[in-house]
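In what follows, a structure is listed as structure tokens, so that the remarks can point back to it.
The values are calculated or read from the model by the stated rules, or taken from the named source; none is laboratory data. Bear in mind that the values here come from a model prediction, so they are computed numbers and not experimental data. Every residue, glycine as well, gets a Cβ built from its backbone with ideal geometry; the counts of neighbours run over all protein chains shown.
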Amino acid sequence: MRSGALRNLGLSSVRTLLVAVAGSLVLLAPAAPAAAAPKKAVEQRQAAKRGAQAPSKARTEKSRSAAKSSSRKASAKQDRQRVTARVRGKGATSVREVAARSTPRLSFGQMAGLHAVSDPLDLKSSVALVVDQDTHEVLLSKNDHAVLPIASLTKLMTGLIVSQARLPLDEMITITKEDVDTEKGSSSRLAVGSVLTRGELLHLALMSSENRAANALGRSYPGGLNNFVSLMNAKAQMLGMKDTRYVEPTGLSSANRSSATDLATLVAAAYKDPMIRQLSTSTGYEVAVGSRVLQYNNTNRLVHNPEWQIGLQKTGYISEAGQCLVMQAQVAGRKLIMVFLDSAGKFSRLADAERVRRWVESQHASAAISG
């Protein structure tokens, strides 16, 4: 009967019934959001994970930054400690003193405005004098009467006093704490306790401007250091060096002062001493100190130059004096005495000497052509 009833409903009624049933099934089916719930849950978990990781990552970056900062501070502290340790050995007690010592200082010539004075060769030295040794003709002069610190040019007088005293050159002399530089804090390869002969000390003082060697020569002189300095000043007076004063034998003190005119007189006097000529122009020298052999070289590189015929020379430098140089040299057949004080650059004193040499040679060539 039921089947008959269904047959009696007709095709359209069956379709309607099926649509109704399908609609009911749709209503009973799980909603779409439920199907998306797992995806949303995954996204929420991922967001939560990222949220949990973000502070951790931030903390990590912060830790790394703090570690780098700490490392930089530790490195800077170590650098300050190393610098302080290095300079404490030279008399300094703090990083502030290191900075003070490293600050460039004006030379006496710069403070006096001597560099503003011009000359035909545009020299970098604020003081210059070139004199013919035989005729005493002045070829070039610039602020030649200015009295300035002379740095290690002092050692030329030190060598002259020692040489003329005819003291035993093989006498052994020990470097002591009294020879350590407390004026400028300069270093030396001659350690306290080193033992050298007087001749070796004289060689190093004149050729390499070794300060401890020069001080030891004066300290070990008969009568002591004070007597030695008195003899230096007495010799200057005897030579007619009226602008000159010495207070110690190395030149580290800016109180050692002279003029270019006086220094030309000293060069002429020292040139008469064969030993000073030989030692001051020596290109190099080896000296045995204990179990070591030390190689020293000349502070004036022009002695290696074949274009130069140098009979005597001495260099010098402290900040108050600038770069200094005195020489006796033969140029264009003439024996010349050259004095350069307060030169502005490290190599400018040598460049000034080269300018003078080329100028004298060109003058000589012009005279030969016109003659």
Exercise for the section: Among the residues of region 275-294, write down those that are of a type in the set (S, T, N, Q) and surrounded by 10 or more Cβ atoms within 10 Å (Cβ to Cβ). Expected result: GLN278, SER280, THR281, SER282, THR283
Exercise for the section: Hey, can you tell me all the residues within region 321-333 that are outside any loop (DSSP other than H, G, I, E, B) and either surrounded by fewer than 17 Cβ atoms within 10 Å (Cβ to Cβ) or among the polar types (S, T, N, Q) (or both)? Expected result: GLN323, GLN328, GLN330
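This table checks each residue for (1) in contact with a Pro (Cβ under 8 Å, 6 or more places away or on another chain); (2) at positive phi.
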position	(1), (2)
SER282	no, no
GLU286	no, no
SER319	yes, no
GLY322	no, yes
LEU325	no, no
Practice task
Give the residues of region 339-361 that are part of a helix (DSSP H, G or I) and either among the basic types (Lys, Arg) or under 21 Å from SER258 (Cα atoms) (or both), sorted by residue number.
Solution key: SER348, ARG349, LEU350, ASP352, ALA353, ARG355, ARG357, ARG358
Fill in the blank from the handout: Scanning region 123-156 residue by residue, those free of Cβ contacts under 8 Å to residues at least 40 places away in the same chain and assigned to a loop (DSSP other than H, G, I, E, B) turn out to be THR135, HIS136, GLU137
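Out of SER141, SER152, SER163, report the one residue that is polar (S, T, N, Q), more than 19 Å from ILE337 (Cα to Cα) and modelled with pLDDT of 95 or more.
Values: SER141 fails: more than 19 Å from ILE337 (Cα to Cα); SER152 fails: more than 19 Å from ILE337 (Cα to Cα).
SER163 is the lone residue from the list that is polar (S, T, N, Q), more than 19 Å from ILE337 (Cα to Cα) and modelled with pLDDT of 95 or more.
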Practice task
Tell me which residues, restricted to region 230-243, are in contact (Cβ under 8 Å) with a residue 24 or more places away in the chain and part of a loop (DSSP other than H, G, I, E, B).
Solution key: LEU239, GLY240, MET241, ASP243
Handout entry: Whichever residue in region 168-183 is of a type in the set (S, T, N, Q) and modelled with pLDDT of 95 or more and, among such residues, is surrounded by the most Cβ atoms within 10 Å (Cβ to Cβ)
Key = THR176
Practice task
Say whether the condition of being in a loop (DSSP other than H, G, I, E, B) and under 23 Å from ILE318 (Cβ atoms) is met by at least one residue in region 194-207.
Solution key: no
